Amino acid sequence: EAAVTQSPRNKVAVTGGKVTLSCNQTNNHNNMYWYRQDTGHGLRLIHYSYGAGSTEKGDIPDGYKASRPSQENFSLILELATPSQTSVYFCASGDATDWGGYQDTQYFGPGTRLLVL
Amino acid sequence: GDSVTQTEGLVTLTEGLPVMLNCTYQSTYSPFLFWYVQHLNEAPKLLLKSFTDNKRPEHQGFHATLHKSSSSFHLQKSSAQLSDSALYYCALRGSNTNKVVFGTGTRLQVLP
């Protein structure tokens, strides 16, 4: 079973502060993703990555940066946190080598609950 | 750009009745479609997905058929169970990208 872990699991931050959310996967997947989940909006893609050193903007990248220093790790950075960034954040990894096949799946981490006061 | 539409925010039905959750999509390239399920306080996980060989996917009694003519990938089950209560997401990946787009989700509530 593919494994994706996230830290911290819960975070309280102050407005204007810097927040870093970390994600680690042991699946050796090339692709990694950051989503936020909000009622009424579903899962929205913030940033994603094709491999170490690459980051791509998703659908809602404003106010977020991403970093992929290695195959295993993908971080989401909020340089100046705002209350509107209060949400649940999910990291996911996926196999890029079997498009349309049985391995074409995203594996999600357990999520991080972020509260910005 | 690619998009997924789930028109129902909440579907409530009685145990034993059939389930159908709607999903339509827009994509420039022939996409791959997915259904993910998220139970309370858990992470989303794959329920089923379309395949390049057009085999109809089935899992845990659920199935979905990709209809390219109507751009739909509705999720169906013949008889709902209490344990099916969860949040269901339809998702899409275009054939030329690793980017995955999710719909807004449909909460299924199955009552005894």
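Centroid-to-centroid, using Cα positions, the stretch B:17-32 and the stretch A:15-58 are 24 Å apart.
Result for chain A in a Gaussian network model with C-alpha springs under 10 Å: among A:Gly58, A:Gly40, A:Gly94, the largest mean-square fluctuation is at A:Gly40.
Eigenvalues of the Cα gyration tensor times 5, then square-rooted: what semi-axes does that give for chain B, in whole angstrom, largest first?
On the way: eigenvalues 113, 40, 30 Å².
For chain B, the ellipsoid semi-axes come out as 24, 14, 12 Å.
Largest GNM mean-square fluctuation across B:Gln76, B:Gln26, B:Gln60, computed for chain B with C-alpha springs under 10 Å, falls on B:Gln60.
In order along the stretch B:78-92, the Karplus-derived 3J(HN,Hα) couplings, from 6.51 cos²θ - 1.76 cosθ + 1.60 at θ = phi - 60°, round to 6, 8, 6, 10, 4, 6, 7, 4, 4, 9, 10, 10, 9, 9, 9 Hz, and Gly and Pro are given as x.
Under the classification rounded if a/c is under 1.5, otherwise prolate if a/b is larger than b/c and oblate if not, where does chain A fall, given a ≥ b ≥ c as square roots of the Cα gyration tensor eigenvalues? Each step should come with its number before you reach the end.
Working: a/c = 1.87, a/b = 1.74, b/c = 1.08.
Prolate is the answer for chain A, as a/c is 1.5 or above and a/b outweighs b/c.
By DSSP, the beta bridges lying fully in the stretch B:3-111 are antiparallel in about 85 percent of cases. Near B:Gln38, once Lys and Arg are set to +1 and Asp and Glu to -1 for all other residues with Cβ below 10 Å from its Cβ, the sum equals +1.
Counting only trypsin sites (Lys or Arg not before Pro) that are in a DSSP loop and have at most 14 other C-beta atoms within 10 Å, tell me the longest site-free stretch of chain A.
Working: sites that count: A:Arg9, A:Lys18.
Counting at most 14 other Cβ atoms within 10 Å as exposed, the longest clean stretch of chain A is A:19-117.
Give the lysines whose C-alpha is closer than 23 Å to that of B:Lys68, dropping any in the same chain fewer than 8 places away, or say none. Within the straight-line limit of under 23 Å, B:Lys68 reaches these lysines: B:Lys49, B:Lys55, B:Lys77, B:Lys99.
A Gaussian network model of chain B, with springs between Cα atoms under 10 Å, assigns the largest mean-square fluctuation among B:Glu15, B:Glu42, B:Glu58 to B:Glu42.
Read-outs throughout are calculated quantities, based only on the coordinates presented, and are distinct from any laboratory measurement. No experiment lies behind these values; they were computed from the predicted model shown. Cβ sites come from the backbone with ideal geometry, for glycine too, and all protein chains shown count toward neighbours.
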